[in-house]
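Every number in this text was worked out from the coordinates using simple rules, so none of it is lab data. Since the structure is predicted, the reported quantities are computational estimates derived from the model, not experimental observations. Here the Cβ positions follow ideal geometry from the backbone for every residue, glycine too, while neighbour counts run over all protein chains shown.
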Amino acid sequence: MTTPSLVSRRAILKGMSGTLLGVGSLSAQTRAHSVPRPLAKDAVTHDWTAFLGPTHNAISTETRLSRQPQPPLVWEFAKGTGYTSPAIAGDRLVFLHRLRAEEIVECLHAETGATKWQFRYPTDFEDRYGYNNGPRSSPVIDGARAYTQGAQGQLHCLDLDTGRVIWKRDLEREFRAPQDFFGRASTPLIEGPHLIVNVGVPGGPCVVAFDKTTGRDVWRAGTEWGASYASPVPAVIHGQRRVFVFAGGESQPPTGGVMSIDPANGRVDFSFPWRSRTYESVNASCPVVVGNTVFVSASYRTGGALVEIRPDFTHRLRWTTQGFGLHFNTAIHKDGYLYGFDGRNEPDASLACVDASNGSIVWRTTPEWAETFSANGRPQQQLVGTYRGSLLAVDGQFLCLGELGHLLWMDLTPKGYREVSRARLFTARESWTLPVLSRGLLYVVQNTRDFVTGDRPRLLCYDLRAS
């Protein structure tokens, strides 16, 4: 165990846009706690270069992971506002957050948290509903480049090695794309030579493909729906590449749904309407592709739907259910069943299993337990749980981050739910960011102040490597 270290920043350089800082050691925002264990020789590992991971479905292929109840903390990084998750390639971790009037792209060493570079630019975004004013869209790494989208649509392509700006676009200014309720939150998708973005302009375009090396427009698709908070998902359907975009944010009357798009030319195969009739609602749960079908889900009395894609790329509705309406977590498919957290609010959320063949609810449970906290110097017992948690399928089981900062290993099967282990990483609300797993290290984002310890928002790295 090492002593937490605090080292000042240095070396300020000017970039093409905003400010670029190059730093070669731990910054004042990073605190080291321990050295991670070596990877097992037969461990399977991967990079995590985009939201939902390398398979774009929150299913990890990593193996030889520890289930011990309290994983060792390797390092922590004091972050600003935002709900983004990091992207990781090799020893490079890219993270987007906001401090005061600037959005900041951080490049950290994935194992130590040491700063490699930092790029910042101004923002005056304000969340209209009182949540925090930081970015929602997570970074994406592709080869030697990193891509970020700010809450106001500032799209940047950065050199991964130096943080230098390669190209940039201003989506709100150039496309007159509206801010919507919570800013721009959909994470862009790298698909072949394109960077695909749910721009969501009223009357079109809904989706734009940019040349990932130059930033120029390649194609535009869709005229019906605005930008959502779900991220585009790639898939192979009937042997052909497709991208599914679950669109629909703020609109009057409320509209939205899932689009099947040919990424080569932007041709829309079909659009399937699916959005709450409530104006103050969003589509935020990412599409889940299962074979030649796609599952979409939304909260606010909407529920889930499974759409079948025929060989000619027409579609038909297979089933719907009102019992599986995911707010912002994405369902995970395993062995013919869907697992996820149904419910709009913290008190009414539950973990459910759905038969993907017909949409029937196989089981539903609300993971809860009693914990003792210190309040005004006195112990106080409260009932807590996972609430609107998020899931990763990994190493034969599931990792769950609960809404209040609990990390659980779970066995989820059609027969039911079994808790394998549980740890309280912190006690903070709005723990809505999907954890990231790469090379046996788990990266968890704490978005609000810990109401027990007082710790401010942090990006935390935990060691899950099995000894």
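Points to keep in mind about this one:
- Extension gain, L317 back to R37 (0.36 nm per residue minus Cα-Cα distance, nm): 95.9 nm
- Ignoring lysines fewer than eight residues from K79 along the same chain, the ones with Cα atoms less than 30 angstrom from its Cα are K14, K116, K168, K212.
- For A144 and R418, the difference between the fully extended length at 0.36 nm per residue and the C-alpha to C-alpha distance is 94.5 nm.
- Largest-first principal axis extents of the Cα set of segment 77-117 (Å): 30, 16, 14
- Gyration tensor verdict on segment 165-282 (Cα atoms; rounded if a/c is under 1.5, prolate if a/b is larger than b/c, oblate otherwise): oblate
- Taking amide H atoms as placed 1.01 Å from N in the peptide plane, the amide H of V290 lies under 5 Å from those of F295, each 5 or more residues away in sequence or on another chain.
- Here's the picture: charge each Lys and Arg Cβ at +1 and each Asp and Glu Cβ at -1 in the chain, and of A185, A230, L338 the one pushed furthest to the positive end of that dipole is A185.
- Here the chain is treated with +1 on each Lys and Arg Cβ and -1 on each Asp and Glu Cβ, and its dipole about the Cα centre works out to around 520 debye.
- Backbone phi angles across segment 139-148, fed through the Karplus curve with coefficients 6.51, -1.76 and 1.60 (θ = phi - 60°), yield HN-Hα couplings of x, 10, 10, 9, x, 8, 10, 10, 10, 9 Hz in residue order; Gly and Pro are listed as x.
- Reachable lysines, given that their alpha-carbon falls under 29 Å from the alpha-carbon of K415 and they are not under 8 places away in the same chain: K334
- Phi angles across segment 399-404 convert, under the Karplus curve 6.51 cos²θ - 1.76 cosθ + 1.60 with θ = phi - 60°, into 3J(HN,Hα) values of 9, 10, 9, x, 5, 9 Hz, Gly and Pro given as x.
- Cα gyration tensor category, rounded, prolate or oblate, for segment 367-467 with a/c compared to 1.5: oblate
- Zero-based 5 Å bins, Cα pair distances in segment 264-418, whole percents: 2, 9, 17, 20, 18, 13, 9, 6, 3, 2, 1, 1, 0, 0
- Residue separation of R216 and A78 scaled by 0.36 nm, minus their Cα-Cα distance, works out to 46.1 nm of gained length.
- Rg/Rh for the chain, where both radii come from Cα atoms and Rh is the Kirkwood radius: 0.94
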